[in-house]
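Structure record follows, encoded as structure tokens.
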Amino acid sequence: MNGGHYVEISHLDVIYDVTKGVFSPKQLVHAVNDVSFTIEAGETFGLVGESGCGKSSLGRAIVGINKPRSGDIRINGQDVTHLHGRSLHDFRREVQMIFQDPYASLNPRMTIGEILSEPMVIHGLHRSPGAREERVTELLRTVGLKPDHVRRYPHEFSGGQRQRISIARTLAVNPRFIICDEPISALDVSIQAQIINLLKQIQKERNIAYLFIAHDIGMVKHISDRIGVMYLGHLVEVGDSSEVYFHPLHPYTKALLSAIPISDPDVGKSRKRIILEGEIPSPLNPPAGCPFSTRCPLADEACRRMPKMQQFGSHQVACHHVNQSV
Amino acid sequence: MADINKCEAVLGIPASEIPEEWFERLSDEEKDSEFVAMQSKTYFQDTWAQFKKNRLALASLVFLFILILAAIFVPMFSPYTYDGQDLMHRNAGSSWQHPFGTDKFGRDIFVRVMYGARISLSVGFAAALLNLIIGVVYGGVCGYIGGRTDLILMRIVDILYSVPTLLYVILIMLIFGSNIFSVLLAICVSSWVGMARQVRAQVLSLKEQEFAQAAFVLGASRTRILFKHLIINCMGPIIVNTTLMVPEAIFTEAFLAFVGIGISIPMASWGTMANDARSLLMLYPMQMVWPVMAISLTMLSLHFIGDGLSDALDPRKR
């Protein structure tokens with residue numbers, strides 16, 4: 001691999017120990033399994049997959065909420081999985097995270113002013129109170145809120161406004177990489193578009209890279225430069241956003257795309273829906289070989305072996321039957 | 001209609017024909033769109049407003065306030081002291097000189113009850129305060145660090161909890177002697193455990209909340225997350241628990257004094273006074289009634305305050 005990528009994740013594994021009690025047999029959930037991809041500076045990488053596929057675990061591992069079991073996360077060429085002390089503190093200014101639930105991600109006992117100045121207090125930025133106040137005002141303006149909101153508490157705001165406050169909080173430390181962990185899935189559709197546009201505008205102004213995690217592939221396609229599709233802890237397909245969206249190669253991506261509702265009923269009737277049989281397997285007890293083999297319409301003997309990520313045009317796909325149609 | 005007619009009178013044209021160029025957009029400041037009719041309240045103001053609605057709790061608070069003032073000032077200005085004996089006026093009934101009468105040594109019961117209030121209330125509040133500090137820090141640390149540390153620390157708590165309070169008290173009395181500090185120590189040793197458990201449970205669930213994780217990602221230190229984000233969000237149960245700890249400690253002190261362990265004579269606590277009155281209960285029941293009434297009323301008012309606070313602090317109970 002060349003070292004020129006801004007974010008480089010290689011062979012990342014995140015494993016949760018869910019063993020109950022001291023004497024029970026060990027139970028491990030392999031939430032993220034041998035995932036590798038890269039993100040360039042100022043780029044948006046969209047990560048999609050159904051609930052429980054490990055996409056949030058991956059995001060949390062990057063910021064250090066979960067400790068990865070093995071693998072590397074390099075940002076600017078520096079391995080960030082084993083940082084501590086001063087370098088960890090500096091890393092916190094580089095990488096920030098926006099959370100899913102705008103109702104849970106703001107401390108209910110702090111005013112908006114306190115919430116927004118906390119990052120500056122922690123990192124010793126803008127030391128005088130006047131400078132901090134000015135910066136808070138500037139942040140509120142950036143995300144489209146009014147400066148006179150500083151004395152209010154989070155419960156006085158709507159979901160969309162709270163998500164704007166969350167965005168302002170991450171911007172307080174001037175990060176270059178923001179992990180957006182389903183930032184819009186708890187919002188109204190009309191508000192979703194506003195938040196997406198705000199994120200895009202901020203990216204344009206400040207050249208911030210995003211890892212955009214969501215389960216709505218349509219929204220992800222809209223914001224992302226490239227898309228990764230996850231299934232049961234594995235990355236199954238990576239490629240340019242419109243390539244993945246219009247010419248999916250992995251059977252799971254094809255199924256995912258065929259599930260998007262289409263507003264035109266005539267087009268909707270004529271298209272072919274791929275209905276997947278069965279449930280997503282328990283990550284406690286994943287299938288041997290290809291993780292998708294239990295539900296894949298193309299599965300055969302070859303799928304007992306784990307497929308390798310291979311380059312197909314501009315895509316990378318992990319499947320033995322890339323060229324067969326579903 | 002009147003306004004439209006006025007418009008025509010002033011401008012010479014009907015309102016509907018005003019050209020569009022005459023209009024201009026209001027700036028954000030002029031629009032006043034975000035005018036807040038209700039003032040933003042702080043947490044404390046909000047709680048106080050809710051608390052005031054509960055008449056019983058408010059009355060209890062007033063009663064407690066008067067009791068505290070009386071406990072401070074009555075012994076200071078009274079001609080009698082808690083141990084001054086007047087053998088000419090033994091076992092007297094209520095009178096102007098002795099509102100609550102006198103006991104078998106001729107000591108003024110009113111002054112003794114007020115002295116008792118000093119001891120009982122200070123034991124109660126001191127125990128609650130110690131309980132608050134130890135319980136919150138211990139429980140907070142257990143819940144936040146979690147894992148093996150939590151397991152070991154909580155097993156220690158379980159062991160402490162399983163030893164009967166009376167056993168501690170007798171042991172502590174043996175070692176430190178019969179005084180107010182050993183009573184306090186004895187009460188605290190057995191009671192902080194409940195607070196620690198409650199805070200631990202709260203912190204355990206709060207630390208998974210996204211605002212705590214956001215603080216972590218921002219690089220906040222462990223101490224900062226624990227105190228500024230987690231403990232401040234379980235202040236409600238902590239305050240209620242502390243308030244209810246006061247009557248519990250007062251009761252324990254009174255109970256210990258009544259069974260004869262606790263502060264030594266001639267110091268008066270409500271419990272020792274009740275114990276003194278026991279031997280003459282059939283002849284002079286009023287000597288028993290005063291200290292017992294003081295205990296009951298204080299306990300009741302503190303419980304009402306605790307209930308009022310728990311309602312005021314819990315938004316679901318409004």
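The values are calculated or read from the model by the stated rules, or taken from the named source; none is laboratory data. On a predicted model such as this, the values are computed, not experimentally measured, just so you know. Note that each Cβ is placed from the backbone with ideal geometry, even for glycine, and that neighbours are counted across all protein chains shown. We work out accessible area using only protein heavy atoms, side chains counted, and drop any ligands, DNA or RNA first. Shrake-Rupley method; radii C 1.70, N 1.55, O 1.52, S 1.80 Å.
If only residues of the stretch B:159-212 that are among the small types (Gly, Ala, Ser) and not in a helix (DSSP H, G or I) are counted, the one that is nearest to the chain's Cα centre (by Cα) is B:Ser178.
Scanning the stretch A:119-162 for residues that are of a type in the set (Asp, Glu) and over 22 Å from A:Gln96 (Cβ atoms) gives A:Asp148, A:Glu156.
Residue-by-condition table, conditions (1) over 22 Å from B:Leu218 (Cβ atoms); (2) of a type in the set (D, E, K, R); (3) surrounded by 21 or more Cβ atoms within 10 Å (Cβ to Cβ):
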{"site": "A:Gly4", "(1), (2), (3)": "yes, no, no"}
{"site": "A:Val7", "(1), (2), (3)": "no, no, yes"}
{"site": "A:Asp17", "(1), (2), (3)": "yes, yes, no"}
{"site": "A:Thr38", "(1), (2), (3)": "yes, no, no"}
{"site": "A:Ser57", "(1), (2), (3)": "no, no, yes"}
{"site": "A:Ala61", "(1), (2), (3)": "no, no, yes"}
{"site": "A:Arg69", "(1), (2), (3)": "yes, yes, no"}
{"site": "A:Gly77", "(1), (2), (3)": "yes, no, no"}
{"site": "A:His82", "(1), (2), (3)": "no, no, no"}
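Determine if the stretch A:139-151 includes at least one residue that is within 20 Å of B:Glu210 (Cβ to Cβ), within 11 Å of chain B (Cβ to nearest Cβ) and open to solvent by 10 Å² or more (accessible area, probe 1.4 Å).
Yes, the conditions are met somewhere in the stretch A:139-151.
State which residue pairs qualify: first residue among the hydroxyl-bearing types (Ser, Thr, Tyr) and inside the stretch A:111-135, second residue in a helix (DSSP H, G or I) and surrounded by 16 or more Cβ atoms within 10 Å (Cβ to Cβ) in any location, beta carbons under 6 Å apart, and separation of 6 or more residues or different chains. From the stretch A:111-135, the pairs are A:Ser117/A:Arg132; A:Ser117/A:Val136.
For the stretch A:90-118, enumerate the residues that are open to solvent by less than 10 Å² (accessible area, probe 1.4 Å), at the interface with another protein chain (Cβ under 7 Å from one of its Cβ atoms) and among the aliphatic types (A, V, I, L, M). Listed by number, the residues that qualify are A:Met97, A:Leu106.
Selection over the stretch A:11-27 of residues that are over 30 Å from A:Thr38 (Cβ atoms) and among the aliphatic types (A, V, I, L, M) gives a count of 2. B:Gly271 - would you say it is under 30 Å from B:Thr81 (Cβ atoms), in a helix (DSSP H, G or I) and of a type outside the set (A, V, I, L, M, F, W, C)? For B:Gly271, the condition - under 30 Å from B:Thr81 (Cβ atoms), in a helix (DSSP H, G or I) and of a type outside the set (A, V, I, L, M, F, W, C) - is met.
Can you say whether A:Glu182 is charged (D, E, K, R), within 12 Å of another protein chain (Cβ to nearest Cβ) and closer than 28 Å to A:His247 by Cα, as far as the supplied structure shows? So A:Glu182 fits the description; yes. Within the span defined as the stretch A:68-79, every residue fails to be small (Gly, Ala, Ser), within 14 Å of chain B (Cβ to nearest Cβ) and touching a residue at least 12 places away in the same chain (Cβ under 8 Å).
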